[in-house]
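Asker: There's a structure below that I have some questions on.
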There are 2 protein chains.
Amino acid sequence: MKIAEVSDKTGVSPDTLRYYERVGLLPSVRRNEGGIREYDATDLRRIEFIKCMRRAGLPVETLIEYVQLVLQGDQTIEARKEILQEQRDLLAARIAEMQKTLDLLNYKIGVYESALLEKEKEMLSRVEEF
Amino acid sequence: MKIAEVSDKTGVSPDTLRYYERVGLLPSVRRNEGGIREYDATDLRRIEFIKCMRRAGLPVETLIEYVQLVLQGDQTIEARKEILQEQRDLLAARIAEMQKTLDLLNYKIGVYESALLEKEKEMLSRVEEF
DNA sequence: TCTTGACTTAGAGTTAACTCCAGGTGTTAC
DNA sequence: GTAACACCTGGAGTTAACTCTAAGTCAAGA
C-alpha cells in the first residue's frame, strides 16, 4: 500500500508519515524497486497505535524510545513495561485534571443558563406591566 | 500583590503572567505609581480560572475571546455560554479518547506482565532441570 | 515522446505558548 | 549615595510536532 492510500485510510498526512519514519517511529517501511514506500499490515497497526497514543498527548519522543526498545527484542520487555506504566500514570492524572475542568465548565454553563432565565423572566414581567 | 508573589502563589511564571496580560487574557491589572503591577483578588481568581482551563488544553485564543466578552458586559452572556458549551463538548470528547488510550495502555501493561511471568516460570523450570 | 501526477529527498517554515534577553527604571538596605 | 535587586518594556528565541517547498525521479496515458 502506497503512502496516499495509507494516508486516506488512517487520516495521517503523507508528510506526517514520512516525518514519523524519519524520526524512527515507523522503522522498516519497505520500499519497492523505485524507492517508493510500500506499507504492510504491521506498519498500519503501528500507525494506529501511534495515532491513539498521540491523540492522548504522549510525546513523540517517548514513543520513539518505546519503538526502539521493541526493535531490540525480548530483553527490553521490562523497560518497555516501565515506559508504558509511567505514561499510563501521567495520562490518568491528566484525565483527572480534565475531568475537574469539565465539572467547572458545566457549573459555569449552569450559572449562565440561570442568568439567561432571569433575563427572560424580567422581560416577561415587563410584558405584564404594560 | 506584586508579580513575584503571585507567581509563587499560583505557580505561573512572571513571564507568563506578563504574556497573559499582553495578549488580553488578564486585562486591567492595576499599576502603582512606579508602573509596577499590583494584582488584586479578582486577578488571582482569573489566574486560577486560566490555569484550570489551560491545563485541560483550552487554547489561549479561545480564552481571550471569552475574557473579551466578559468585559463587554451582560449582553454577551449568551455568546459566552456558547463558547463554554463548545469547549465543554470538545473537552468531553478528548477525555473519552484519552480514556480509550488509557484502557489500551493498561491492556498492554497486562500483556507485558504475563510475558514477564512466563519468563520467570521458564527460569524456575530450568532451575528444576538442573 | 511528452505530459501528468504520484512519489522521493533535504531542508526550511509554521504555529502555539511560552521563555528569555538587553537595556532601562524604581526601591530598599546599608 | 550607592549597591543590589525586583521590576519594567519590546522584541527575539525556543520547543514540539508537524507542514510546506523546491528540485528531482518514475510510471502510465494521449
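Asker: Kindly express, to the nearest 10 degrees and within the range 0 to 90, the angle between helix A:60-71's C-alpha long axis and the longest C-alpha principal axis of chain A.
Answerer: In chain A, helix A:60-71 runs at an angle near 30 degrees to the longest axis.
Asker: By Cβ position, which chain B residue lies least far from the axis that rotates chain B onto chain A, and what is the distance to the nearest whole angstrom?
Answerer: Axis-proximal residue of B, distance in whole Å: B:Ile95, 3.
Asker: Just the number please: accessible area per residue for the range A:30-126, 1.4 Å probe, all protein chains included, in Å².
Answerer: Averaged over the residues of the range A:30-126, the accessible area is 60 Å².
Asker: What number in nm² do you get for chain A if you take the convex hull of its Cα atoms and divide its surface by four?
Answerer: Across all orientations, chain A yields a mean hull projection of 12.7 nm².
Asker: How big is the range B:11-66 along each principal axis, measuring the range of its Cα positions in Å and listing the largest first?
Answerer: Computed over the Cα atoms, the extents are 36, 19, 19 Å.
Asker: So which GluC sites (Glu not before Pro) in the range A:22-130 pass both tests, a DSSP loop state and at most 13 other Cβ atoms within 10 Å of the Cβ?
Answerer: On the way: sites: A:Glu33, A:Glu38, A:Glu48, A:Glu61, A:Glu65, A:Glu78, A:Glu82, A:Glu86, A:Glu97, A:Glu113, A:Glu118, A:Glu120, A:Glu122, A:Glu128, A:Glu129; in loops: A:Glu33.
For GluC sites (Glu not before Pro) across the range A:22-130 that sit outside H, G, I, E and B with at most 13 neighbouring Cβ atoms in 10 Å, the list reads A:Glu33.
Asker: Once you have the Cα-Cα distance between B:Leu116 and B:Ser28, take 0.36 nm times their residue separation minus that, and quote the gain in nm to one decimal. Mind showing how you got there, number by number?
Answerer: Numbers: separation 88, 0.36 × 88 = 31.68 nm, distance 5.89 nm.
Computed gain between B:Leu116 and B:Ser28 is 25.8 nm.
Asker: Additional query: Relative contact order of the range A:1-71, please, whole-number percent, based on alpha carbon pairs below 8 angstrom and at least 6 residues apart.
Answerer: Once normalised by length, the contact order is 32 percent.
Asker: Relative to the first principal axis of the alpha-carbon coordinates of chain A, what is the inclination of helix A:77-129, with its axis defined by its Cα atoms, in degrees from 0 to 90 and to the nearest 10?
Answerer: 20 degrees
Asker: Sum up the charges of everything whose Cβ sits under 14 Å from the Cβ of A:Gln99, counting Lys and Arg as +1 and Asp and Glu as -1, but leave A:Gln99 out.
Answerer: Result for the local shell: +2.
Asker: Which whole number gives the average, over all residues in A:113-122, of C-beta atoms from other chains lying within 10 Å of the residue C-beta?
Answerer: What the average comes to for A:113-122 is 2.
Asker: Over the protein assembly as shown, what lengths in whole Å, largest first, do the semi-axes of the equivalent ellipsoid take, defined as the square roots of 5 times the eigenvalues of the alpha-carbon gyration tensor?
Answerer: Over the Cα atoms of the protein assembly as shown, the ellipsoid semi-axes are 49, 24, 21 Å.
Asker: Taking all protein chains together and a probe of 1.4 Å, list A:Met53, A:Met123 from the most accessible to the least accessible.
Answerer: Accessible-area ranking of A:Met53, A:Met123, largest first: A:Met123, A:Met53.
Asker: Round to the nearest 0.05 the FRET efficiency obtained for A:Leu90 and B:Ile36 when R0 = 51 Å and r is the Cβ-Cβ distance.
Answerer: With R0 = 51 Å, the Cβ-Cβ based efficiency is 0.85.
Asker: A further question follows. Want the number for A:Asp103 to A:Glu5: 0.36 nm per residue separation, take away the alpha-carbon distance, what's left? Each step should come with its number before you reach the end.
Answerer: Details: separation 98, 0.36 × 98 = 35.28 nm, distance 4.08 nm.
Taking 0.36 nm per residue and subtracting the Cα distance, the gain is 31.2 nm.
Asker: Can you check how the C-alpha radius of gyration of the range A:59-130 compares to 2.2 N^0.38 Å, as a plain ratio?
Answerer: Dividing the Cα radius of gyration by 2.2 N^0.38 Å gives 2.32.
Asker: Counting alpha carbon pairs within less than 8 Å and at least 6 residues apart, what relative contact order, in whole percent, applies to chain B? Don't skip to the answer; put the middle values down first.
Answerer: Working: 61 pairs, mean separation 21.2, N = 130.
Across chain B, relative contact order equals 16 percent.
Asker: Tally up the carbon and sulfur contribution to the accessible surface of the range A:1-71 as a whole percent, 1.4 Å probe, everything protein left in place. It would help to have the intermediate numbers written out before the result.
Answerer: Values: 1980 of 3990 Å².
With neighbouring chains kept in place, the figure for the range A:1-71 is 50 percent.
Asker: So, R0 is 51 Å and r is the distance between the beta-carbons of B:Asp74 and A:Asp15; what FRET efficiency does that work out to, to 0.05?
Answerer: Working: r = 47 Å, r/R0 = 0.92.
Rounded to the nearest 0.05, the efficiency is 0.65.
Asker: Tell me the distances, shortest first, between B:Leu104 and the same position across the other copies, using label points 7 Å along Cα→Cβ, in nm to one decimal.
Answerer: With the label placed 7 Å along Cα→Cβ, B:Leu104 yields 2.9 nm.
Asker: Follow-up. Report the local net charge at B:Val60: Lys and Arg +1, Asp and Glu -1, summed over other residues whose C-beta lies under 13 Å from its C-beta. Show your work: numbers first, answer last.
Answerer: Values: positive: B:Arg22, B:Lys51, B:Arg54, B:Arg55; negative: B:Glu21, B:Glu61, B:Glu65.
Combined, the nearby Lys, Arg, Asp and Glu give +1.
Asker: Provide the buried accessible surface between chains A and B in square angstrom, both chains summed, 1.4 Å probe, rounded to the nearest 100.
Answerer: Counting protein atoms only, the buried area is about 3500 Å².
The values are calculated or read from the model by the stated rules, or taken from the named source; none is laboratory data. Everything quoted here is computed from the prediction, not taken from an experiment. Using ideal geometry, Cβ is built from the backbone for each residue, glycine included, and neighbour counts are taken over all protein chains shown. All accessible areas refer to the heavy atoms of the entire protein, side chains included, with ligands and DNA or RNA removed. Shrake-Rupley method; radii C 1.70, N 1.55, O 1.52, S 1.80 Å.
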